[in-house]
1. Just the accessible area per residue of segment 40-190, please: how many Å² with a 1.4 Å probe?
2. In whole percent, and with a 1.4 Å probe on the protein chains, what portion of the accessible area of segment 97-195 is carbon and sulfur?
3. Might you work out the accessible area of VAL148 for me, using a 1.4 Å probe with all protein chains in place, and round it to the nearest 10 Å²?
4. From largest accessible area down, sort THR63, THR36, THR97, THR183; use a 1.4 Å probe on the protein chains.
5. If you count only protein heavy atoms and use a 1.4 Å probe, how large is the accessible surface of ASP158, to the nearest 10 Å²?
6. In terms of the Cα gyration tensor, with a ≥ b ≥ c the square roots of its eigenvalues, is segment 40-190 rounded because a/c is under 1.5, prolate because a/b exceeds b/c, or oblate?
7. Leaving ligands, DNA and RNA out of it, work out the accessible area of HIS78 with a 1.4 Å probe and give it in Å² to the nearest 10.
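The values are calculated or read from the model by the stated rules, or taken from the named source; none is laboratory data. Nothing here was measured: the structure is a model prediction, and the numbers come from that model. SASA here: full protein model, heavy atoms, side chains in, ligands and nucleic acids out. Shrake-Rupley method; radii C 1.70, N 1.55, O 1.52, S 1.80 Å.
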Amino acid sequence: MYRLPSIPRTLRRVLLMAACASAAARPCIAQEPSATSGSPAAIASIRQQYARIEREAPGMRRTTHDVENFSLEGGVLHGFFAGRELRKLTAQLYGETWRGTEDFYFTDGRIFFIHTVVQRYDMPMSGRVVATVDHRFYFDGGRLIRRVRTQRPVTGEDMSAYDQELPSLLRDARLFAACAASTAANPPECTAPDP
């Protein structure tokens, strides 16, 4: 999940654009969405759906599973269901130098919003947060239309190692959805495959 990038960001963008030329690439983005991209109407609709799920979540059926190999120190996944329909996933993940939360929101079986927060510690295992990186991904029809990244406090420190890669998030969302729906004691979907 939060792995140091193995290839430069520019090369990743070039590879992503090449993958977009393939019909098999879904969801796909032709250019990197910014904090202001996407139609205002689509963003407003996403925000309304998000608010509705947040209001209804306390009354939804909830599942809880431990998750392994998504982070060094493990984590916990909560699934929220309206009847049999998955509406929200919340993964709380822990590492030696950070803790993070990944929230995935669904409507009609599709992700429409992802919100992730990574809090970096001042030293390994201290739990004292010194910096936070926040990502918001907005989807319309399965296509990423807006990506917002914020960092607090704003410093000269390079926090890009904590940036979220969309393909990894989407892979995790599929595994988390299967994990949340499982009734088994230790479902294999709750363990990330080895890279």
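1. Normalised by residue count, the accessible surface of segment 40-190 is 49 Å².
2. Details: 2450 of 4740 Å².
Result for segment 97-195: 52 percent of the exposed heavy-atom area is carbon or sulfur.
3. The accessible area comes out at roughly 30 Å².
4. Working: THR63 20, THR36 115, THR97 50, THR183 140 Å².
So the residues, ranked largest to smallest area, are THR183, THR36, THR97, THR63.
5. For ASP158, the solvent-accessible surface is approximately 120 Å².
6. Values: a/c = 1.97, a/b = 1.19, b/c = 1.66.
Taking the square roots of the gyration eigenvalues as a ≥ b ≥ c, segment 40-190 is oblate.
7. 20 Å²
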